[in-house]
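Read-outs throughout are calculated quantities, based only on the coordinates presented, and are distinct from any laboratory measurement. Note that the structure is predicted; figures quoted are calculated from it, not measured. Cβ coordinates were reconstructed from backbone atoms using ideal geometry, including for glycine residues, and neighbour counts include every protein chain displayed.
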Amino acid sequence: MPKTDAPADVETGVFYPIREVSRITGVNSVTLRAWERRYGLIIPFRTGKGHRLYSGDHIALIKTITGWVDRGVPVGKVKALLHQELDNFNESSSDADVDLDEEWSKQRKEFIDAVRSFDEPHLDTLYSSALKLYPVEVVTERLVRPVIDLLSREWQSQGVMGMEQGFMYSYFRIAVGSRIYHASQRNQGPLILCANCLEDENELYSWLQALSVCESAGRARLLPAGMSLYDIGITAIRSKCDAVLLSSDKALHRETLERELPRLARILRRPVAISGQSTSIHREELKYIDINALGNNPGCSARELLGDCKI
């Protein structure tokens, strides 16, 4: 592994340990180490004891890399793109898009095969490996959501909604739940209460929202599906959370829009937000409620809400 000794003026310069860099950039330490070891994208300085130290230039580079990765560019292509001249950008980006489609298509097929064969170890390897290299929102949008959408259509057309669905959701409940728990214990950011609206009993997207909160240095607390907005409000008050993040991919009932959401926003003296496809379905109605409609991207939703909490 290449090592770069810390500069002689390390004590007078401004350098950051890996945990602080993760907080500043939103890239977790596991991913930073993977980018260093596998791809040589960032080579931090090292102290005499081997601890990583990052400069302001390192942080700027990480943000540039994150910009590429957020667009879905394969990590293996980023190093070449960083060295491209600006006038060669379009050609390089086009090549990356081709590789991108092939890479994610291959991962989706492997993921579906693992679900169909009830192969939990392989499923975990695929998901964990993707999360080490890409932000959770990229993994969600490029891998998890397409897989769920495809399998859901297949299950409905065949009238089969049992074993495979139960297996996949059970895996995500454990895998995502474990990551949320440990990140929430480690992070020092705002506490976000994550819950589903009654209209949508699918908890998976709420879990993924909570994971995005944790990846953005916040802390997440998940509530079970089936809770009324009134009960969610009581829980928010008693838990002393900093904000509430609701999720729904389905149309909301008129009672929810006209009475329950406005009441929740009124009684809670903290940000209340909603994400998922319901924000597109009810774009106009939500304009007149003191609720932050965050859209359908879990990572952007988490970062925007955490910003409202002045993280």
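For segment 215-310, which trypsin sites (Lys or Arg not before Pro) pass both filters: DSSP loop (anything but H, G, I, E, B) and at most 12 other C-beta atoms within 10 Å? Intermediate results must be reported in sequence, preceding the final value.
Numbers: sites: 219, 221, 238, 240, 250, 254, 259, 263, 266, 269, 283, 287, 303, 310; in loops: 240, 250, 269, 287, 310.
Those satisfying the criteria are 240, 269, 287, 310.
Relative to the longest principal axis of the Cα atoms of the chain, the long axis of helix 204-215 lies at roughly 40 degrees. Taking 1.002 mPa s as the viscosity and 20 °C as the temperature, the Stokes-Einstein diffusion coefficient of segment 115-206 based on its alpha-carbon Kirkwood radius rounds to 145 µm²/s. Listed peptides 148-155, 186-193 appear in the order 186-193, 148-155 once ranked by packing, highest mean of other Cβ atoms within 10 Å at the front.
Put a dot 7 Å past the Cα of residue 251, heading toward its Cβ, do the same for residue 64, and the two dots end up 4.9 nm apart.
Once the Cβ-Cβ distance between residue 155 and residue 14 is put in as r, and R0 is 45 Å, what FRET efficiency do you end up with, to the nearest 0.05?
Working: r = 54 Å, r/R0 = 1.19.
After rounding, the FRET efficiency stands at 0.25.
Estimated translational diffusion coefficient (Stokes-Einstein, Kirkwood radius over Cα pairs, 4 °C, 1.567 mPa s) of segment 197-311: 93 µm² per second. Each peptide among 50-63, 194-207 gets the average number of other Cβ atoms lying within 10 Å of its residues, and from highest to lowest they stand as 194-207, 50-63. Taking other residues whose beta carbon is less than 15 angstrom from the beta carbon of residue 252, and scoring Lys, Arg as +1 and Asp, Glu as -1, yields -3. Convex hull of alpha carbon positions in segment 4-70: directionally averaged projected area 4.3 nm².
Across the chain, Cα-Cα distances exceeding 24 Å account for 58% of all pairs.
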